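The values are calculated or read from the model by the stated rules, or taken from the named source; none is laboratory data. As the structure is a computational prediction, the values presented were derived from the model and not from experiment. Using ideal geometry, Cβ is built from the backbone for each residue, glycine included, and neighbour counts are taken over all protein chains shown. Ligands, DNA and RNA are excluded from the accessible area calculation, which covers all protein heavy atoms including side chains. Shrake-Rupley method; radii C 1.70, N 1.55, O 1.52, S 1.80 Å.
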Amino acid sequence: MGTADLESTVVNIIQWVLGFLGLIAVIFILYGGFVWMTASGNEEKVSKAKKVITAAVIGLIVVLLAWAIVIFVVGQANTWVE
């Protein structure tokens with residue numbers, strides 16, 4: 001742990017996890033795009049790709065909102081302490 005305080009350690013861990021989840025969402029978006037591009041007009045594959053992309057975009061939005069909430073809560077917690 002070193003000399004870092006608990007608050008900064010927890011925030012760093014949360015931001016690392018959210019960054020990792022964001023990366024996974026982007027990878028799924030790329031995967032959905034790859035499936036769509038290689039569908040060769042197969043409607044079943046195109047439908048699957050659309051579902052993957054939609055779910056990944058929703059996941060990315062959730063991750064970004066979670067990150068914003070963490071930043072907001074930490075900022076408010078700092079004003080409450082002072």
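Please give the number of the condition ALA4 fails out of (1) surrounded by 12 or more Cβ atoms within 10 Å (Cβ to Cβ); (2) not in a helix (DSSP H, G or I).
(1)
Give VAL63, VAL73 a once-over and let me know the one that is assigned to a helix (DSSP H, G or I), touching a helix residue (DSSP H, G or I) at 6+ places or on another chain (Cβ under 8 Å) and not acidic (Asp, Glu).
Working: VAL73 fails: touching a helix residue (DSSP H, G or I) at 6+ places or on another chain (Cβ under 8 Å).
Being assigned to a helix (DSSP H, G or I), touching a helix residue (DSSP H, G or I) at 6+ places or on another chain (Cβ under 8 Å) and not acidic (Asp, Glu) holds for just one of VAL63, VAL73, which is VAL63.
May I ask you to list the residues in segment 12-41 that are farther than 12 Å from VAL70 by Cβ, in contact with a helix residue (DSSP H, G or I) (Cβ under 6 Å, 6 or more places away or on another chain) and in a helix (DSSP H, G or I)? Even if it seems obvious, please write down each step before you answer.
We begin by selecting, within segment 12-41, every residue farther than 12 Å from VAL70 by Cβ; these are 20-41.
Checking the rest, the ones that are also in contact with a helix residue (DSSP H, G or I) (Cβ under 6 Å, 6 or more places away or on another chain) come to 21-22, 25, 28-29, 32, 35-36, 39.
Correct list: LEU21, GLY22, ALA25, PHE28, ILE29, GLY32, VAL35, TRP36.
Just to be sure, is PHE72 over 13 Å from the mean Cα position of the chain (by Cα), open to solvent by 100 Å² or more (accessible area, probe 1.4 Å), closer than 23 Å to ILE13 by Cα and not small (Gly, Ala, Ser)?
Yes, satisfied.
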